[in-house]
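Only the coordinates and a few stated rules stand behind these numbers; no lab work does. Because the structure is a prediction, the values reported are computed rather than measured. Please note: Cβ atoms are built from the backbone with ideal geometry, for glycine as well, and neighbour counts cover all protein chains shown.
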Amino acid sequence: MNDKLLAGIIEAILFVSGEAITPDEIALALDLPEDAVIHALGDLEACYQETGRGLSIKRFGGKTQLATKAEYAPYIERVLQPIQRRSLSQSALETLSIIAYKQPVTRMEIEAVRGVGSDYAIQSLVSKRMVREVGRKDTLGKPILYGTTDQFLSHFGLGDLRDLPEIPTGDKQTTFLSNDQLSDDYILPE
Amino acid sequence: MSAVHIHLSRFEGPLDLLLHLIGRAKIDIQDIFVSEVTDQYIRIVRESGEMDMDEASSFVNMAATLLEIKSRAMLPVLTDNLEEETPEAQLIQQLEEYARFRQISLEMQVYEEEAGKSFSKLPEEFPLPQPEFEISGLTLEGLIRAFINVSRRVLEDGLEAEPGGQIEAERFSVSACMAMILKKPRKIPLKFSALLSPRASRDEVITVFLAMLELMKQGKAWAQQDTSYEDITLYIGRRKEIEHE
């Protein structure tokens, strides 16, 4: 199977799928090595980057999705009038950024930063599937730990958590925890 | 400072309000305690009048913290306490941390807006085709033979397929079976199979079984079965009395 053919097949699969899928899923279905699929996705992406193409490959959390190019948004909105993008409220955004940088994090820890009750903001983020429960902290009361979802990455156009904007540095070292720095004092869900 | 009326509901909490006041006073977070900001804060909370309790508590709590800090500043400080992190330092640290995340959330808003310009579509829906049944190896002869077999079985069972059929009266009732069981000797093991007539119908088996369950529920009998499908052993009487003996 030549490269162009494979890129075409993958394009067709992504079109029909609509939702984000992993290269692994495509490879399994086509009975091809994952590398070949990843390579073909790269070809397809390069192809889309040329002018005269309206689509782009969107990647987040190891998944791939077909999406329109951002620069064509004004034209799309002219045809499809009622595209209503609901952006998050200030309190939801604050809460979400704390969760994004400090995950896994408990409600109490979030509230300690914001200085205000955040239960409602967290619940609304959970219902919008931006945030999910990732486990329980191994401490008194076993509080729920929250973390971000792939939906969150997609909503903010991030490939993964490393694409988050850098924290402005203050005099004190920030308390940012990267995923590999996670300590043992939390337990993952079974 | 100007007497601009500030609505607390505009702020995301006490830290947000403090940062707003710090920004308006054009000072650094570090200098909050040598500025008028804390006094302003306390005044704003005091003058805000009626507040929603949920919303107000965090603002009032902060006002209390600020007042505490103020009152402590008027007292002489014991030297051996200097090592400890002062409430001032704690609050400054909290404000700085919050300011960082507020800044981040503004940047995230830009990301959100940018990402929202790219659209994707929902998955295609494919209605599943009607399932087809493939019937192979069926001949007309086979069909006729199958029909004859069924008819013969109906005749053998004496169940004539008369239109309308016949509905038999109930021959067994749960209450009658319960009475039958209770007439058996008490406190000695009885086999469930022995409660049934020699060629019991399905109807009879089910009714006797239900009668047994009802007696157990009423505490008038108890049963034991060590393994599945084994014959059930039934005792008439209360379990405690029986186990005692």
For the pair residue A:71/residue B:167, report the inter-label distance in nm, with labels modelled 7 Å from Cα in the Cβ direction. 7.9 nm
Enter the mean number of other protein chain beta carbons within 10 Å of the beta carbon of each residue in A:146-156, as an integer. 2
Globularity ratio of region B:27-134, using Cα Rg and 2.2 N^0.38 Å: 2.02
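At 1.567 mPa s and 4 °C, plugging the Kirkwood radius over alpha-carbon pairs of the protein assembly as shown into Stokes-Einstein gives what diffusion coefficient in µm²/s?
Answer from the Stokes-Einstein relation: 43 µm²/s.
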Ranked highest first by average number of other Cβ atoms within 10 Å, how do B:60-71, B:179-190, B:35-46, A:111-122 line up? A:111-122, B:35-46, B:60-71, B:179-190
Partners for residue A:137 among lysines (Cα-Cα distance below 20 Å; same-chain residues under 8 apart left out): A:102
Hey, what's the Cα Rg ratio for chain A versus the globular rule of thumb, 2.2 N^0.38 Å? 1.23
Long-range Cα-Cα pairs in chain B (distance over 25 Å), rounded percent: 73 percent
Test of understanding: ordering A:15, A:152, B:192 by Cβ neighbours within 10 Å, fewest first, what list do you get? A:15, B:192, A:152
If the cut-off is a Cα-Cα distance under 21 Å, which lysines reach residue B:121, setting aside same-chain residues fewer than 8 apart in sequence? A:58, A:63, A:69, A:128
Whole-Å semi-axes of region A:3-79's equivalent ellipsoid, largest first, each the root of 5 times a Cα gyration tensor eigenvalue? 23, 13, 10
Between residue B:31 and residue B:209, what is the label-to-label distance in nm when each label sits 7 Å out along the Cα-to-Cβ direction? 8.8 nm
Taking a crude spin-label model, label points 7 Å out from Cα along the C-beta direction, the residue A:31 to residue A:140 distance in nm is 6.1 nm
What value, in deg cm²/dmol to 500, does the helix sum -39500 (n - 2.57) over DSSP H runs of n ≥ 4 give at 222 nm once divided by the residues of chain B? -16000 deg cm²/dmol
Which one, B:134, B:55, B:170, has the greatest fluctuation when you compute a Gaussian network model over chain B with C-alpha springs under 10 angstrom? B:170
If you count, for every residue in A:57-68, the Cβ atoms of partner chains within 10 Å of its Cβ, what is the mean? 2
Please compute the volume of the convex hull spanned by the alpha-carbon atoms of region B:174-244 and report it per residue in Å³. 87 Å³
At a Cα cut-off below 30 Å, give the lysines reachable from residue B:217, other chains included and same-chain residues fewer than 8 away excluded. B:183, B:184, B:187, B:191, B:240
If you take the beta carbon distance between residue B:233 and residue B:154 as r and set R0 to 41 Å, what does 1/(1 + (r/R0)^6) give as a FRET efficiency, to the nearest 0.05? 0.55
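I'd like to compare B:107-115, A:98-106, B:8-16: which one has the highest average count of other Cβ atoms within 10 Å, and what's the full order after that?
Per-residue Cβ counts within 10 Å, averaged per peptide and sorted highest first, yield A:98-106, B:8-16, B:107-115.
Average partner chain C-beta neighbours within 10 Å, per residue of A:86-94?
5
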With r defined as the distance between the Cβ atoms of residue B:225 and residue B:184 and R0 fixed at 25 Å, what FRET efficiency is calculated, to the nearest 0.05? 0.90
Just order B:90-98, A:132-140 by mean Cβ neighbour count inside 10 Å, highest at the front, would you? B:90-98, A:132-140
